[in-house]
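Where a number appears in this text, it was derived from the coordinates with a stated rule and is not lab data. Being a predicted model, the structure only gives us computed values, none of them experimental. For neighbour counting, all protein chains shown are included, and Cβ atoms are generated from backbone atoms with ideal geometry for every residue, glycine included.
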Amino acid sequence: MTPQAFRINKLATTATTNDDAIAAAKAGEPDGFVAWALRQTGGRGRRGRSWISPQGNLFASLLIRPGGQVMAAHYAFAMSLAIHDALAGLLPGRVAVKWPNDVLLDRKKIAGILPEQGDGWLVIGFGVNVLDHPADMPYPATSLAVTGLAAEKFGLEPLLRRILDAFAAWRQRLESGGFAAIRADWLHCAAGRDERMIVRLPDRELQGRFLDLDESGNLCLQMPDGSRQTVAAGDVFFRDNA
């Protein structure tokens, strides 16, 4: 996909850009369609959680039609790297990715990703806290505005286009070389590598040291007894914010 292939549909308000992109996918819209809204009234995150969506933040969803055997989760890793690159260009040394699909600024959440897939299509929704961020969340959040950057440094449309352009490059690497082609890059950008962390599952809590990602993108932990535990889904907290 080239940057010129993206077709951005901008809306003042919508319920959720993921639903807009899913509707476009079901209607036969080709690869590269982007739903972008200035405000969402029903934004959602992982596991059905609400995504607070005040005007001034970035909310968009990209429709792709994957080829080959690339897993949907792997495209989410590519998108997290794209958001990382777009933000790290503004704030070098302060941005990191966090398993499974978040981006952090100064160890606080600034962006999240929600992939949803159907027959022959994948929608990757993403939100970036630009002017505002929620308080009293289970994991601490932040926004670009708190950094003191001038607002023109992070205009919504330029930021969206930087993210999409970066995603195009990461997607090309992913589709040509598989997850192995981006896995080391993701780990290099990851927060908490080799640290002890807490992973909250629906029925229990794990504590272990973040070792690696496996070939599917699952989190690999070293447990206190020295055993290795693989986690496919969960909420990660570092020990300083648990």
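Taking the chain as a Gaussian network, Cα atoms linked when under 10 Å apart, which of ALA181, ALA86, ALA135 shows the biggest mean-square fluctuation? Between ALA181, ALA86, ALA135, it is ALA135 that shows the largest mean-square fluctuation. Computed over the chain with a Gaussian network model linking Cα atoms closer than 10 Å, the most mobile of THR41, THR16, THR142 is THR41. Reducing the stretch 209-225 and the stretch 160-175 to their Cα centroids gives an inter-centroid distance of 26 Å.
Computed per residue of the chain from DSSP H runs no shorter than four, each worth -39500 (n - 2.57), the mean residue ellipticity at 222 nm is -8000 deg cm²/dmol. Across the chain, the mean sequence separation of Cα contacts (distance under 8 Å, 6 or more residues apart), normalised by length, yields a relative contact order of 17 percent.
As a length-normalised measure over Cα pairs under 8 Å and 6 or more apart, the relative contact order of the stretch 192-242 settles at 36 percent. Seen from a random direction on average, the alpha-carbon convex hull of the chain projects onto 12.7 square nanometres. Among residues other than LEU58 with Cβ under 12 Å from its Cβ, the summed charge is +2 (Lys and Arg +1, Asp and Glu -1). Hydrophobic, long helices, defined as DSSP H runs whose alpha-carbon span along the helix axis is 20 Å or greater and whose mean Kyte-Doolittle value is at least -0.5, occur in the chain at 72-88, 156-177.
The lysine pair count for the chain, using Cα distances under 28 Å and pairs eight or more places apart or on different chains, is 8.
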